[in-house]
Structures are given as C-alpha cells and as structure tokens.
Amino acid sequence: MASIDEILAEAKALHRAGRLPEAESRYRQVSSSGAATAESCFLHAQCCQGLGAWDDAIACLRQAVDMQPDHADAHH
C-alpha cells in the first residue's frame, strides 16, 4: 500500500499532467486519511476548480485557511 506522501506526489503529478479526475481522487485520499495539510487542501481546491466542482473547491480552500490562516494563495 502506498504511503500518504506517495499518494500526494502522485496527485501532484496527475494534476500537472492535466488528469484532473484522477488527481482529485488522490487528493481526496489524502484528505480522508487525516494527513491533509494546508498545501494539499489548496492543491485539491485548484483541482476541483479545474473540474468545475465549485462547492468542493470552496470547502477545500476553507479547510486550507483553517489549517494555515496566513496561507495567502488560499485567501486569493
């Protein structure tokens, strides 16, 4: 079984490759594992935005800000 760090790395690679549905699935795995960070939540939000899943994107951004209130990109 892959570690959370490996799953996150895979999510980022899929995201960069434009394979958003697959990337979103990996980001969701990270979030549901309890190991999410402000950065992983922010990236998940960007992915959701690219998929047009606006409510999910907003929820991920709120989670990123809750975790790291000074996360400038999440506020933007």
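Details
- Legend: P(r) of the chain from all alpha carbon pair distances, 10 Å bins from 0, whole percents, reading 23, 54, 22, 1.
- Surface exposure of the chain, expressed per residue as accessible area with a 1.4 Å probe, stands at 61 Å².
- 5 Å binning of all Cα-Cα separations within the range 30-73, expressed as whole percents from 0 upward: 5, 29, 33, 23, 9, 0
- Extension gain, Ala35 back to Ala59 (0.36 nm per residue minus Cα-Cα distance, nm): 7.0 nm
- Neighbour cut-off at most 15 other Cβ (10 Å), DSSP loop, trypsin sites (Lys or Arg not before Pro), the chain: Arg19
- Label-point gap, in nm, between Asp66 and Arg16 - each point 7 angstrom along Cα→Cβ: 3.0 nm
- Of the residues Met67, Met1, ranked by 1.4 Å probe accessible area with the largest first, the sequence reads Met1, Met67.
- Mean ellipticity per residue at 222 nm, deg cm²/dmol - from DSSP H runs of n ≥ 4 across the chain, formula -39500 (n - 2.57): -24000 deg cm²/dmol
The values are calculated or read from the model by the stated rules, or taken from the named source; none is laboratory data. Just so it is clear, the structure is predicted and the values come from calculations on it, not from any experiment. Backbone-built Cβ (ideal geometry, glycine too); neighbour counts: all protein chains shown. Only protein heavy atoms, including side chains, enter the accessible area calculation; ligands, DNA and RNA are left aside. Shrake-Rupley method; radii C 1.70, N 1.55, O 1.52, S 1.80 Å.
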